[in-house]
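One structure is given below, encoded as structure tokens.
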Amino acid sequence: MTAKRASGARGIKRQRTPLEWALLIVSLAATLAVVAGLVVSGLEGPRGAADLQVTIADANAPASGGRPLEVTVTNVGGTSAQNVIVEVTVGDATREVNLDLVAKGDTESAAVVVPADAAGPPHAEVVSYTNP
Amino acid sequence: MRGVAGGAILGVPLLYTQETWLHGRSVSPVVILAGVIVAFAANVVLSYFVGFRPGRTHRPTEDAVVGMGLSVLLSALLLVLLDRVGRGTSLENALGVTALTSVPVSIGFSVGVALAPRGGGEKAEQIQGGGGDLLVAAAGALVFALNIAPTAEPILLAAELDGVRLGFLVLASLVLPYLMVFYAEFGGRERRVASDGATQGPITETLLAYAVAFVVSAAMLAMFGRVDTLNGAAAARVVTLAFPASIGAALGRLLI
């Protein structure tokens with residue numbers, strides 16, 4: 001097959017090229033940014049148990065056979081929540097939504113469809129979750 | 001590019017691991033920071049003894065910084081590509097997942113020279129021509145795909161990735177191996193002489209190697225019952241698995 005590009009010569013103690021300087025500066029900036037971010041998060045991030053805030057609203061997307069709703073869960077606590085089960089109630093209709101993980105500080109959404117004849121404002125609440 | 005190649009080889013399997021996404025978001029930032037510091041120290045030592053610049057080991061700290069920084073950037077890029085970090089991800093969690101993923105990638109950077117011997121593998125010269133290259137590409141793809149195909153990650157990722165991201169994943173599956181094989185300057189490429197044939201040319205070889213990785217991925221998924229029909233979902237699963245498989249195919253060609 002093709003003869004690929006030959007390996008370039010590498011001096012043992014040659015001067016840095018402009019590209020190497022650029023890579024070094026960019027790399028140093030990226031590393032310091034991550035380290036600083038982790039330090040700040042560790043010192044000032046939320047602490048304590050998971051604190052899940054749920055909102056529900058009619059979804060704009062069309063759905064066959066019912067009324068589509070969008071459930072949004074935000075975790076403002078200091079611990080992630082796994083296997084989050086949200087119970088959605090509209091009138092007499094009840095549905096469950098399962099979210100695998102809502103990490104601390106994250107927002108996750110899921111869609112649920114209730115019967116078209118379910119009248120009234122939708123209500124949602126977290127019924128259970130586990131700690132990872 | 002040698003460092004990027006080494007980082008991709010060691011880092012991509014971890015990138016396809018749910019637990020990495022989970023722990024990057026749930027483990028304390030202080031613990032992840034400790035892991036980064038330990039990894040950096042290991043990278044300094046590895047850069048002194050191995051490194052990603054052959055023959056240059058007198059600036060191990062500088063090389064470790066470059067390796068760590070580029071690992072962070074490469075990890076962040078791949079996590080965004082795979083939709084593991086997005087608009088709903090808090091900065092703290094994005095940093096956590098990126099930092100955790102960058103640890104093995106940075107180790108790959110630091111041992112870039114050693115991952116594929118400069119002279120190629122033993123008896124490498126006996127495998128010649130396009131057919132031989134595609135054979136070793138298939139073997140490399142098989143090793144990587146076989147590790148990931150039985151897991152839930154290809155299914156999960158394929159279900160969550162939209163068409164645009166899948167398109168970019170195909171692009172990454174072509175560009176990254178192309179850069180690894182033709183620009184990373186490692187492996188026994190010096191001994192690989194030009195030959196006539198249908199697979200002549202870097203672009204043709206890259207496309208054919210991806211085709212091989214795609215077929216191997218489809219076969220692996222079919223073997224484990226993850227693909228049993230031809231539809232969009234099946235194609236998405238194969239594309240998702242074909243990315244690490246194409247990295248494996250590139251590694252196979254680098255070794256020979």
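The values are calculated or read from the model by the stated rules, or taken from the named source; none is laboratory data. Everything quoted here is computed from the prediction, not taken from an experiment. Every residue, glycine as well, gets a Cβ built from its backbone with ideal geometry; the counts of neighbours run over all protein chains shown.
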For A:GLY105: the one exception among (1) assigned to a loop (DSSP other than H, G, I, E, B); (2) in contact with a Gly (Cβ under 7 Å, 6 or more places away or on another chain): (2)
Hey, B:TYR210 at pLDDT below 85 and within 19 Å of the chain's Cα centre (by Cα) or not: no
Condition check for A:SER80: closer than 30 Å to B:PRO29 by Cβ and of a type in the set (S, T, N, Q): yes
Single residue of region B:79-91 satisfying the filter (of a type outside the set (Lys, Arg) and either crowded, with 22+ Cβ neighbours inside 10 Å or part of a loop (DSSP other than H, G, I, E, B) (or both)) that is farthest from the other protein chains (Cβ to nearest Cβ): B:LEU82
Residue match in region B:3-14 (condition: under 30 Å from A:ASN131 (Cβ atoms) and either among the hydrophobic types (A, V, I, L, M, F, W, C) or in the same structural domain as B:SER173 (by TED's automatic domain parsing) (or both)): yes
Residue match in region B:236-254 (condition: free of Cβ contacts under 8 Å to residues at least 12 places away in the same chain, under 24 Å from B:GLY11 (Cα atoms) and assigned to a helix (DSSP H, G or I)): no
All positions within region A:16-47 that are in a loop (DSSP other than H, G, I, E, B) and either at the interface with chain B (Cβ under 8 Å from one of its Cβ atoms) or under 23 Å from the mean Cα position of the chain (by Cα) (or both): A:GLY45, A:PRO46, A:ARG47
Test: residue in region A:56-69 that is hydroxyl-bearing (Ser, Thr, Tyr) and assigned to a strand (DSSP E or B): no
In region B:1-31, the residues that are outside any helix (DSSP H, G or I), within 30 Å of A:PRO46 (Cα to Cα) and in contact (Cβ under 8 Å) with a residue 60 or more places away in the chain: B:TYR16, B:THR17, B:VAL27
